[in-house]
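Here's the structure, in structure tokens; my notes come after.
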Amino acid sequence: MARLLEGGGLVVLPTDTLYALACSVAHRKAVDRMRDVKGLPRAKRFSLLFADLDDVGDWVGYLPPFAYRAMRRMLPGPYTFVLEAGDAVPKVMRERQRTVGVRVPACPITRAVVRALGTPLAATSLLPEEGEVLSDPGDLEARFGGTVAAVVDGGVRLSEPSTVIDLSGDEPVVVRVGKGAPGLFAS
């Protein structure tokens, strides 16, 4: 799997929430192809998937101590934290924005792939559209098999998207309530 990603391939991976379309963050063309596959505008934000919270350091800017403590308690888990983007985040992922979504999913498959690759994955959830269910690996293979290098079978994922919490400003903001409880950030 790491070899496919190192070569610029797109993959469909299970996470602790939904399946995600992912690629190596090091491949600009792969990031652009993710937009094309999903029909997304250039302004669409992708999250970075990490194996461990300790790997996030170079990829984010200033991380307030309260944010790090909260992330330490909540990760790995079904959360996306929006943080100031660090210099390691490729320009293709920082166009017209100064933030990046950070995830450490509680899915051993995804975390093993990220560890083997040695760099974060750029990812976007494969959310159901217009009643379409994209939770079964067989359906994902039928839909994306011709456009991705691999579909990793992690079983059927009948779940919700991650909870998104923006920690890039002075106050935490719950952007979306999903599978993870907003906990101490709920307003």
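Roughly what percent of Cα-Cα pairs across the chain reach past 25 Å? The answer is 28 percent, as a whole percent. Can you tell me the 0 to 90 degree angle between the C-alpha axis of helix 28-38 and the longest principal axis of the chain, rounded to 10? Result, in degrees: 70. Rounded to the nearest Hz, the phi-derived 3J(HN,Hα) couplings of the stretch 71-88 under the Karplus curve 6.51 cos²θ - 1.76 cosθ + 1.60 (θ = phi - 60°) are 5, 4, 6, 9, 10, x, x, x, 10, 10, 9, 8, 10, 4, 6, x, 5, 6, where x marks glycine and proline.
Can you list the lysines whose alpha carbon is less than 16 Å from that of LYS44, not counting same-chain residues fewer than 8 positions off? The qualifying lysines are LYS29, LYS91. For the stretch 16-66, the equivalent ellipsoid derived from the Cα gyration tensor has semi-axes of 24, 13, 11 Å, listed largest first. Return one number: the angle in degrees, 0 to 90 and rounded to the nearest 10, between the long axis of the Cα atoms of helix 108-117 and the longest principal axis of the Cα atoms of the chain. Taking Cα atoms only, the helix is inclined about 90 degrees. Close amide-amide hydrogen proximity is noted between ALA150 and VAL12, each under 5 Å apart and 5 or more residues distant or on a separate chain (H modeled in the peptide plane; Pro and chain starts excluded). Placing unit charges on each Cβ (+1 for Lys and Arg, -1 for Asp and Glu) gives the chain a dipole about its Cα centre, and among VAL104, LEU18, GLY57 the Cα reaching farthest toward its positive end belongs to GLY57. Extension gain for ALA26 to VAL177 (0.36 nm times residue separation, less C-alpha to C-alpha distance): 51.4 nm. Arranged from fewest to most other beta-carbon atoms within 10 Å of their beta carbon, THR99, THR17 become THR99, THR17. Distant-in-sequence amide contacts of VAL82, defined by a placed amide H-H separation under 5 Å and a gap of 5 or more residues or a different chain, comprise VAL102, ILE165, ASP166, LEU167. Along the Cα-to-C-beta direction of LEU127, a point sits 7 Å from the Cα; which residues of the stretch 143-160 have their amide N less than 19 Å from that point? Taking a point 7 Å out along Cα→Cβ of LEU127, the residues of the stretch 143-160 whose backbone N falls under 19 Å are 157-160. Annotation: amide H of TYR19 within the under-5 Å range of LEU126, sequence separation 5 or more or interchain, hydrogens built in the peptide plane.
Just so you know, all these numbers are worked out from the coordinates, no wet-lab data involved. Keep in mind that what you see is a predicted model, and the values were worked out from it rather than measured. Please note: Cβ atoms are built from the backbone with ideal geometry, for glycine as well, and neighbour counts cover all protein chains shown.
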